[in-house]
Amino acid sequence: MGRTVARAARPQEREETGALVGAAFSADPPPRRAPDGPDGERFLHRVVADEDTGRVLATAAARLCGQWWGGRRVPAAALAGVAVDVTARGRGVGRALVADTFAAARAAGAHVVALVPSTHAFYAKAGCGVAGRRSVYAIGTHDLRALPRDRSLTYREATAQDAPRVAELVAAHGARTNGVLDHDTGTGSAVPYVAERDGAVVGFCALGRRPVRPGHGGNYAVTVLDLLGADPAAEFGLWRDLAADEPSAREVHALVRPGGLLEQHLPRQTEVLEDATWMLGLLDVPAALAGRGYPRGVTGGVVLDVTGHGVLTLDVADGAGTVTPGGTPSVQVGPADLASLYAGHLDPSTARFAGLLHGDDDAVGLLRTLFAGPPAVIARPF
């Protein structure tokens, strides 16, 4: 391997980069194409290539979107498809690729980056911290019959004209929880539907199917990629009506948000199928801190010495923050651990106990208040 260069992918490299991603993530890798970037969406497609031969050694894609934190939308990038050719591993190619992709995302206006990692240690070195969990459960369709039914709902397949209304539903959902990403336009093999009540769209879901697990009966399992309701009745109704697939489907495989409506009202959750963590990185630390929402009624300031990013003063009032450079540090923390604090996943007191954070009681207490909130969850994979 000669000299390498990190750069934007070229259109003629789609087949080559698709093959890299397929080899990295599929047991029987088919040729895969890189994302085309549908109208209304922006994708960054980056590669590391051998300068002498032009051969692509690594590839990554990032979708520019928004992510909701503390009731405010923060410009974000969703990172996926990071793949390094087997002959180039262990030579710093992956590290160069991620650094280049993060820099490109920041230059494009993203303040944070979200990802579902294959290796925590690798991304922690790039400044990302664990932000939350993604727990997917197998729910018996018979258990969904215990939920209240909204008989006023009717369903139809979603169209491009529904996108603005679905975006409104996402924004309303994001304003009351953490970690929600703007939806992309693609749903893979899933079929998107909208729910209407009196002619108005009040819900959205994207459903797929997967093979039945041995010994669980039925012809298939329903998979829920997305499900949003404008009000509790609509959300419960969407979940309840999935029971209509019984007996062909005896299970629904879905992410169950901690503290959400479904968790509170299901008679039981039969089995955890997946329990992955996801990670967050602060690409632009001052902008990410200033762009996030904070608890209303809390006023205070903390001076952060963030390793590699300098000293920053965060002042919070009326649910919003302002960031200025400089000050006398009251907290010292690394960027990956700050990202975990930002997400509300890492408790500041626990971080100090573990030696991940250094600060006095007042500063640690204020951080605990500022970053408190519902558990951050990425409901939809990307």
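The values are calculated or read from the model by the stated rules, or taken from the named source; none is laboratory data. Fair warning: this is a prediction, and the values are worked out from it, not measured in the lab. Glycine gets a Cβ as well: all are built from the backbone with ideal geometry, and neighbour counts include every protein chain shown. SASA here: full protein model, heavy atoms, side chains in, ligands and nucleic acids out. Shrake-Rupley method; radii C 1.70, N 1.55, O 1.52, S 1.80 Å.
Applying the criterion of at least 2 residues that are open to solvent by less than 40 Å² (accessible area, probe 1.4 Å), under 26 Å from residue 119 (Cβ atoms) and touching a residue at least 60 places away in the same chain (Cβ under 8 Å) to the helices (runs of 4 or more DSSP H) found wholly in segment 252-360 leaves 335-342. Determine whether segment 211-221 contains at least one residue that is in contact with a Gly (Cβ under 9 Å, 6 or more places away or on another chain), crowded, with 18+ Cβ neighbours inside 10 Å and modelled with pLDDT of 90 or more. No - not one qualifying residue is present in segment 211-221. For residue 228, the test of being outside any strand (DSSP E or B) and touching a residue at least 12 places away in the same chain (Cβ under 8 Å) is failed. Just to be sure, is residue 289 modelled with pLDDT of 90 or more and in contact with a helix residue (DSSP H, G or I) (Cβ under 6 Å, 6 or more places away or on another chain)? The answer is no for residue 289.
Applying the criterion of being of a type outside the set (A, V, I, L, M) and surrounded by 10 or more Cβ atoms within 10 Å (Cβ to Cβ) to the residues of segment 152-162, the residue that is farthest from the chain's Cα centre (by Cα) is 152.
Filtering segment 72-95 to residues that are surrounded by 17 or more Cβ atoms within 10 Å (Cβ to Cβ), more than 12 Å from residue 45 (Cα to Cα) and of a type outside the set (Gly, Ala, Ser) leaves 72, 73, 74, 75, 84, 85, 93.
The residues on offer are 101, 87, 17, and the sole one that is of a type in the set (Ser, Thr, Tyr), part of a helix (DSSP H, G or I), modelled with pLDDT of 95 or more and more than 30 Å from residue 296 (Cα to Cα) is 101. I'd like to check something: does segment 113-130 contain any residue that is in contact with a His (Cβ under 9 Å, 6 or more places away or on another chain), among the hydroxyl-bearing types (Ser, Thr, Tyr) and on the phi < 0 side of the Ramachandran plot? Within segment 113-130, none of the residues are in contact with a His (Cβ under 9 Å, 6 or more places away or on another chain), among the hydroxyl-bearing types (Ser, Thr, Tyr) and on the phi < 0 side of the Ramachandran plot.
Yes or no: segment 365-373 includes at least one residue that is in a loop (DSSP other than H, G, I, E, B), within 27 Å of the chain's Cα centre (by Cα) and modelled with pLDDT under 95. Scanning segment 365-373 turns up at least one residue that is in a loop (DSSP other than H, G, I, E, B), within 27 Å of the chain's Cα centre (by Cα) and modelled with pLDDT under 95.
Among the residues that make up segment 49-69, is at least one of them in a loop (DSSP other than H, G, I, E, B), at pLDDT below 95, open to solvent by 60 Å² or more (accessible area, probe 1.4 Å) and not acidic (Asp, Glu)? Looking for residues that are in a loop (DSSP other than H, G, I, E, B), at pLDDT below 95, open to solvent by 60 Å² or more (accessible area, probe 1.4 Å) and not acidic (Asp, Glu), one finds at least one in segment 49-69, hence yes. You will find that of 65, 128, the residue that is touching a helix residue (DSSP H, G or I) at 6+ places or on another chain (Cβ under 7 Å) and hydrophobic (A, V, I, L, M, F, W, C) is 128 and no other. Evaluating residue 76 against the criteria (1) in contact with a Gly (Cβ under 9 Å, 6 or more places away or on another chain); (2) not in a strand (DSSP E or B) leaves one unmet condition, (2). I'd like to check something: does segment 137-148 contain any residue that is under 30 Å from residue 345 (Cβ atoms) and open to solvent by 20 Å² or more (accessible area, probe 1.4 Å)? Looking for residues that are under 30 Å from residue 345 (Cβ atoms) and open to solvent by 20 Å² or more (accessible area, probe 1.4 Å), one finds at least one in segment 137-148, hence yes.
Is it true that some residue in segment 80-88 is out of contact with any helix residue (DSSP H, G or I) (no Cβ under 8 Å at 6 or more places or on another chain) and within 19 Å of residue 4 (Cβ to Cβ)? Looking through segment 80-88, at least one residue is out of contact with any helix residue (DSSP H, G or I) (no Cβ under 8 Å at 6 or more places or on another chain) and within 19 Å of residue 4 (Cβ to Cβ). From the list 133, 165, 197, the lone residue that is open to solvent by 30 Å² or more (accessible area, probe 1.4 Å) and in contact with a helix residue (DSSP H, G or I) (Cβ under 9 Å, 6 or more places away or on another chain) is 197. Looking only at segment 240-289, residues that are within 13 Å of residue 145 (Cβ to Cβ) and within 22 Å of the chain's Cα centre (by Cα) come to 1 in all. Touching a Ser or Thr at 6+ places or on another chain (Cβ under 8 Å), hydroxyl-bearing (Ser, Thr, Tyr) and more than 30 Å from residue 191 (Cβ to Cβ) - does that describe any residue in segment 304-319? Within segment 304-319, one or more residues are touching a Ser or Thr at 6+ places or on another chain (Cβ under 8 Å), hydroxyl-bearing (Ser, Thr, Tyr) and more than 30 Å from residue 191 (Cβ to Cβ). Which members of segment 96-120 meet the condition of being open to solvent by 20 Å² or more (accessible area, probe 1.4 Å) and within 15 Å of residue 335 (Cβ to Cβ)? Residues satisfying the conditions are 99, 102, 103, 106, 111, 120.
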